[in-house]
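Right, one structure below, let's go through it.
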Amino acid sequence: MAANFWTSSHCKRLLEQEEISVVSNDDRDRGLTQEDVKIIKIYFSSYIKKLAQRAKVRQRVVATAIAYFRRVYTRKSFSEYDPRLVAPTCLYLASKAEESTVQAKLLIFYMKQIGSDENGFRYDIKDILEMEMKLLEALDYYLVIYHPYRPLVQLLRDAGLSDMIEMCWSIVNDSYGTDLILMHPPYMIALACIYISCVINERDNRLWFEESRVDMTVIKNIAMQIFDFYDNYRLGFEDRIGAILLKLSQKS
Amino acid sequence: MLELKNGIGAKRYVKGISLGEGTYGVVFKALDTQTNRTVAVKKIRLGKYKEGVHVTALREIKLLKELRDPNIIELIDVYPHKRNLHLVFEFMESDLEAVIRDRNILLSPADVKSYMQMCLRGLAHCHKKWVLHRDLKPNNLLISSDGQLKLGDFGLARIFGSPDRKFTHQVFARWYRSPELLFGSKQYGSGVDIWAAGCIFAELLLRRPFLQGSSDIDQLGKIFQAFGTPRETQWPDMTSLPDYVEFQFTPAPALRSLFPMATEDALDLLSKMFAFDPKARITAQQALEHRYFSTDPAPTKAHLLLRPASKAEGMRPPPELASPKEPVVLSPPAKARRISLFPGVAGAEHIHHSKESKDGSSAATVGETPSDHSGMAITDRSYLKRKLDMDVHFEDERHV
Ligand SMILES: Nc1ncnc2c1ncn2[C@@H]1O[C@H](COP(=O)(O)OP(=O)(O)O)[C@@H](O)[C@H]1O
Ligand SMILES: [Mg+2]
């Protein structure tokens, strides 16, 4: 793990599960449950991914955008900031922050290509640029996010497991379906993904984990959250998101 | 306090006079009513609903939020006001360029040492946090009212450390550009900042910019004139750099002849900051530990350093004309378009870098490395879960 993570704002701002999963009063008033909130986050994480695929940006940009999205909603409610606008704006901001700018007008174009209008994806450039400022404020202007990808490569090399990189990499990708990036140092997430791969491939590397002297309870806990995602939240929720967003637009 | 700050925004500051116009906004002097400090507020111009917050401003915000050091400018606050973003910095009375230019200021060896120490401390902090400044020059080394030198202007800075990422070499004002940048390197590291700091060191000793090239090629010529044309043994990677051009061999004059007044220690440090091979160049931390900083005279205490009366005073001496002693380009490089490049051809560098994108981005595609195929099949999952449950078991075994 690069020495810089430990002194980064990302590290200082890691959150506990309880701080993340509270449903704001505004959202509760509109009838949103914790489960709804979870589904919104998963739906829009994958929406960001889809949008990013069109825009052909690096994986890193996608990961940063999703981290921004999830972080914003630890401080703002879905009723206040419409996720349909926040998601593309997070990608827009992340593309700039990661030095691979995607023009706002292109994003709007891609949104129209993939978006279903009946769900209210009707925003324009001006809306994205306005939301950009609000997001910066909601993020308290902290824009640097570390990801598990780089430590993953280093750890696998160190463990002599570089042949597992493909599987680990895609598990890391999928870990963005959870709030893990807001809660744990990226190298712990990377370790959990390696752990999962080892179990699947029946590779016994207990010794290596032992030597790395990480807290296996935490690693397993992270792994369980990824499993929970695979088991219960893998499917895009195209069917349910409409009803949830409808709740949002209705005053209680 | 956080809530208060966010609530107040613009109202927290009482705007004063304009301090100057930057590349992407106007800078005002202001009073921070919350702390009673004088601050500098940079109002970022927004293109009329075109591309939102300027990337330069975003870069500065992103990196300065991660850096905190006595020798790095403090970003006190950021707030939006009337659709413009405002960056609040600590107020800086002057900058090193004004000091160097001011003929009324005599810079003693202890003063030079003090400035270099502060500059290298700021730089060491950046590099420890994997941030490259990429725009070091006297004008961007700001000086506070208590004499502290602080690195400012992070609009070109970036995080480094990912070896596969290609950077633009169009950074730094030309006179402060390292030879690897001038040869088009895109995978450079902290050595580029050290080279620039070396140029600033030299400038403090000479009281004029050290290597004043009029084009990129001429800049290389000036460098080789001062330090000799590098041999392959000195810098093995040189010939494989994208814009490598062979120069006629010139031997290195004694460094002493360029800096007649400098001490042996100063010359030794200087030569290490100007090592051709970036891998062999001294790091900021090593430079701070160099004996130059521990031998007499001790660096002048910051608050005792003389400061210029006004920024406008004094004039930079005219740049020197290209001297005939400079080494000449021998062979044209691989690409024919560069044949036309000769020392002193004004604007030549525009030809040869025109295709470089401004922000140096070279976007790769989603899921670049190992693949984008996501996740596992459902059968894997239940299997996995079983394995995991079993696994608790194998953990227990270990403790037997
Ligand atoms: N922190 C500061 N304190 C005082 N003056 C400043 C400060 N920052 C910038 N300035 C003044 O505002 C001018 C423009 O600043 P800046 O935007 O950084 O310039 P540029 O983009 O041209 O490098 C500077 O030349 C300087 O005179
Ligand atoms: Mg400047």
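A compact table of results
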| quantity | calculated |
| --- | --- |
| Other-chain or far-sequence residues with amide H under 5 Å of residue B:246's (modelled H) | B:330, B:331 |
| Residue B:33 paired with residue B:173, simple spin-label distance in nm, labels 7 Å along Cα-to-beta-carbon | 3.8 |
| Descending semi-axes in whole angstrom, ellipsoid equivalent of the stretch A:1-91, from the Cα gyration tensor | 24, 19, 10 |
| Sorted by Cβ density within 10 Å, fewest first, the residues B:243, A:239 | A:239, B:243 |
| For the stretch B:12-90, with +1 on Lys and Arg beta carbons and -1 on Asp and Glu, the positive-most of B:33, B:70, B:80 along the dipole | B:80 |
| Listed pairs B:137/B:186; A:56/B:42; A:96/B:272; A:12/A:112; A:105/B:137 exceeding 27 Å between Cα atoms | A:56/B:42; A:96/B:272; A:12/A:112; A:105/B:137 |
| Cα shape, the stretch B:108-188, gyration tensor, a/c 1.5 rule | prolate |
| Label-to-label distance, nm, for residues given as residue B:21 and residue A:239 (7 Å Cα→Cβ offset) | 6.2 |
| Distance cut-off 21 Å, percentage of C-alpha pairs in the stretch B:94-308 lying past it | 52 |
| Anisotropy class of the stretch B:12-90 from Cα gyration tensor, a/c 1.5 cut | oblate |
| Peptide A:211-220 - average C-beta neighbours from other chains (10 Å radius) | 1 |
| Centre separation in Å (Cα based) which lies between the stretch B:82-113 and the stretch A:52-117 | 39 |
| Fewest-first ranking of B:229, A:7, using other Cβ atoms within 10 Å as the exposure measure | A:7, B:229 |
| Inter-chain shielding of A:131-144 (mean C-beta neighbours from other protein chains, 10 Å cut-off) | 5 |
| Cα gyration tensor shape for chain A, rounded if a/c is under 1.5, else prolate or oblate | prolate |
| Spatial separation of Cα centroids for the stretch A:186-214 and the stretch B:214-271, in angstrom | 49 |
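Computed from the coordinates by the stated procedures, all read-outs in this text should not be read as laboratory data. Source: prediction; values computed, not measured. A quick note on method: Cβ atoms are made from the backbone with ideal geometry, for glycine too, and the neighbour counts reach across all protein chains shown.
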